[in-house]
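Visitor: I have a structure here, written as structure tokens, and I will follow up with some questions on it.
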Amino acid sequence: MNLQTDDTIDNIVAFTVTKEEGNNRIDKYLSIKQSELTRSYLQKLIKDGLVAVNGKVVKANYKVAENDVIEVTIPELKELDVLPEDISMDIIYEDSDVILINKAKGVVVHPAAGHYSGTLVNGLLYHCKDDLSGINGVMRPGIVHRIDMDTTGVIVICKNDKAHNIVAEQLKEHSITRKYVAIVHGNFKNDEGTIEGPIGRHPVDRKKMAINHKNGKPAITHYKVLENLKNNFTLVECQLETGRTHQIRVHMASIGHPLLGDHVYGPSKCPFKLQGQTLHAKTLGFIHPSTGEYMEFEAPLPDYFEDLLRKLRP
């Protein structure tokens, strides 16, 4: 089932339902395809009269039909006060300049539509208080880079603007070490390789990214086979040279090896009960903004990932 995005005007997004997509409740239908928005948030939009089908406002129990034109009005995110929350965080390292977190699965990095609380930023505000860089505004204090909600692993946060600028410059120059591990579909003919292809917003489905898009930005991913697994799966290491949105997911899918559990870029059906893609940011290395020394940190594989490997190892 693919939600086809026809147009985007301001904060109104329009979709056309295909034959295969019919007979789904509209709240469930949108929650599957609008993965960045929670189902409860979408239900609120419906309740507030911000979702229309063929020009008429509908209720959450409406079942979509072929050729229905759905218009969703998403209110613009306001620069509101983000509240500190006492959220458990796995801190790998911390000093006066940076803090490195092993982000858990399902945790959103910073507030966005449908995710105003329970984010990593909410927890950081509680833990660090006022010691976070302010360069990216009140919604993203300290955030230099991000990883997807369902991707686990190490992320660096900056505590002051000087550290933020120095680390951000390393990201821009692609000098930061970023290694991920993933379980992907299929086996490889070559044990390693490089994928090059610009990544930009998908021309039809605006919630997806696409390779070789005419407005894409250069993207390079190096991969290496770590282990061949049962059932035609492979454990790989992916090292980012650039850091585009969904880069590893898009690049691996482009060569016929989508990530296990990735229903956006891979098969819609998964043989295991998973919450999104099997992708873990294992290694992060950079020049410390004050000492000038290279530092490298690792986040151990999460339990669900280790359990999968035990099941898939010959």
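The values are calculated or read from the model by the stated rules, or taken from the named source; none is laboratory data. Given the structure is predicted, the values throughout are model-derived calculations rather than measurements. So basically every Cβ, Gly included, is an ideal-geometry build from the backbone, and we count neighbours across all protein chains shown. The accessibility values were calculated without ligands, DNA or RNA, using every heavy atom of the protein model including side chains. Shrake-Rupley method; radii C 1.70, N 1.55, O 1.52, S 1.80 Å.
Visitor: Could you grab me the full set of residues in region 240-265 that are of a type in the set (Gly, Ala, Ser), open to solvent by less than 20 Å² (accessible area, probe 1.4 Å) and out of contact with any Asp or Glu (no Cβ under 9 Å at 6 or more places or on another chain)?
Guide: At the first step, the residues of region 240-265 found to be of a type in the set (Gly, Ala, Ser) are 243, 253-254, 256, 261.
Then drop every residue that is not open to solvent by less than 20 Å² (accessible area, probe 1.4 Å), which leaves 261.
The answer is none; no residue qualifies.
Visitor: If LYS103 meets every condition in (1) among the basic types (Lys, Arg); (2) modelled with pLDDT of 95 or more; (3) farther than 23 Å from ILE176 by Cβ apart from one, which number is that one?
Guide: The failed condition is (3).
Visitor: Out of region 18-48, which residues are modelled with pLDDT of 85 or more, out of contact with any strand residue (DSSP E or B) (no Cβ under 7 Å at 6 or more places or on another chain) and assigned to a loop (DSSP other than H, G, I, E, B)?
Guide: Within region 18-48, GLY22, ASP48 qualify.
Visitor: Continuing with the same structure: Quick one: which of GLU227, GLU237, GLU192, GLU196 is touching a Lys or Arg at 6+ places or on another chain (Cβ under 6 Å), open to solvent by 20 Å² or more (accessible area, probe 1.4 Å) and either over 22 Å from ILE155 (Cα atoms) or without any contact (Cβ under 8 Å) to a residue 24 or more places away in the chain (or both)?
Guide: Numbers: GLU227 fails: touching a Lys or Arg at 6+ places or on another chain (Cβ under 6 Å); GLU237 fails: either over 22 Å from ILE155 (Cα atoms) or without any contact (Cβ under 8 Å) to a residue 24 or more places away in the chain (or both); GLU196 fails: touching a Lys or Arg at 6+ places or on another chain (Cβ under 6 Å).
Among GLU227, GLU237, GLU192, GLU196, only GLU192 is touching a Lys or Arg at 6+ places or on another chain (Cβ under 6 Å), open to solvent by 20 Å² or more (accessible area, probe 1.4 Å) and either over 22 Å from ILE155 (Cα atoms) or without any contact (Cβ under 8 Å) to a residue 24 or more places away in the chain (or both).
Visitor: Hey, could you check region 199-210 for residues that are under 22 Å from VAL109 (Cβ atoms) and in contact with a Lys or Arg (Cβ under 9 Å, 6 or more places away or on another chain) and say which is surrounded by the most Cβ atoms within 10 Å (Cβ to Cβ)?
Guide: Per the stated criteria, the residue is ILE199.
Visitor: MET89 is checked against (1) modelled with pLDDT of 95 or more; (2) out of contact with any strand residue (DSSP E or B) (no Cβ under 9 Å at 6 or more places or on another chain) and fails just one. What number does that condition carry?
Guide: Condition (2) is where MET89 drops out.
Visitor: Can you name the number of the only condition in (1) touching a residue at least 60 places away in the same chain (Cβ under 8 Å); (2) open to solvent by 40 Å² or more (accessible area, probe 1.4 Å); (3) more than 24 Å from GLU85 (Cα to Cα) that ASN160 fails?
Guide: Of everything listed in (1) touching a residue at least 60 places away in the same chain (Cβ under 8 Å); (2) open to solvent by 40 Å² or more (accessible area, probe 1.4 Å); (3) more than 24 Å from GLU85 (Cα to Cα), ASN160 misses just condition (3).
Visitor: Just checking, does region 110-122 include any residue being farther than 30 Å from ASN23 by Cα, open to solvent by less than 20 Å² (accessible area, probe 1.4 Å), free of Cβ contacts under 8 Å to residues at least 40 places away in the same chain and not in a loop (DSSP other than H, G, I, E, B)?
Guide: Checked region 110-122: at least one residue is farther than 30 Å from ASN23 by Cα, open to solvent by less than 20 Å² (accessible area, probe 1.4 Å), free of Cβ contacts under 8 Å to residues at least 40 places away in the same chain and not in a loop (DSSP other than H, G, I, E, B).
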